[in-house]
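What follows is calculated from the coordinates using simple rules that are stated; it is not laboratory data. It should be emphasised that the depicted structure is a prediction, and the values quoted were computed from it without experimental measurement. Glycine gets a Cβ as well: all are built from the backbone with ideal geometry, and neighbour counts include every protein chain shown.
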Amino acid sequence: MSIDPAGEEVLALTRQLLDCIARGDWSTYQQLCDPTLTAFEPEALGHLVEGLPFHQFYFRLGGVAGEHNTTLGSPHVRLMGDVAVVSYVRLNQRVNAEGRSMTVAFEETRVWQRREGRWWHVHFHRSEP
């Protein structure tokens, strides 16, 4: 599937977002996310999370230690005017404490909204396959 330039921009922002999450870079996360970000994710135990404080807790724990890699499997970008939906399977490769490699997968959908000339991450849904 070919992605147009605006879709490529949103996909690059999504990769930047995932990279800052892996590194525990709260400053970049705040720059990319709308303060009213909403989310459904396993850590929220079925509840809709609103705002950034819930996420900040995990950033305070630090980024991923040691070797790691994040891959977006089968990314799909749908543009609808000033809204973009990015869907993919996120593959997280890590080396555990015993030195063995492991891969964890998540199904993710990220919603971006263009306002004031830039894209803001406004909602996501992450679940285990």
Legend entry - CD proxy at 222 nm, helix term only [per DSSP H run n ≥ 4: -39500 (n - 2.57); per residue of the chain; nearest 500]: -8000 deg cm²/dmol
Legend entry - Gained length - Q31 relative to E67, 0.36 nm times residue gap less alpha-carbon distance: 10.4 nm
Inset, instruction - Using a 10 Å Cβ count of at most 11 others and DSSP loop calls, identify the longest part of the chain lacking such GluC sites (Glu not before Pro). - result: 1-66
Legend entry - Rounded to whole Hz, the Karplus (6.51, -1.76, 1.60) HN-Hα couplings of the stretch 18-31, x for glycine and proline: 5, 5, 5, 5, 4, 7, x, 8, 5, 4, 5, 4, 5, 5
Legend entry - Distant-in-sequence amide H partners of H123 (H built 1.01 Å from N, under 5 Å): T38, V111
Legend entry - From phi via Karplus (6.51, -1.76, 1.60), per-residue ³J(HN,Hα) for the stretch 68-84 in Hz, x at Gly/Pro: 7, 8, 10, 10, 9, x, 6, x, 9, 10, 10, 9, 9, x, 8, 10, 10
Legend entry - Karplus 3J(HN,Hα) series, Hz, for the stretch 102-114 with 6.51 cos²θ - 1.76 cosθ + 1.60 (x for Gly, Pro): 8, 10, 10, 10, 9, 8, 10, 10, 10, 10, 10, 10, 8
Inset, instruction - Evaluate Rg over Rh across the chain, taking Cα atoms for both radii and Kirkwood's formula for Rh. - result: 0.96
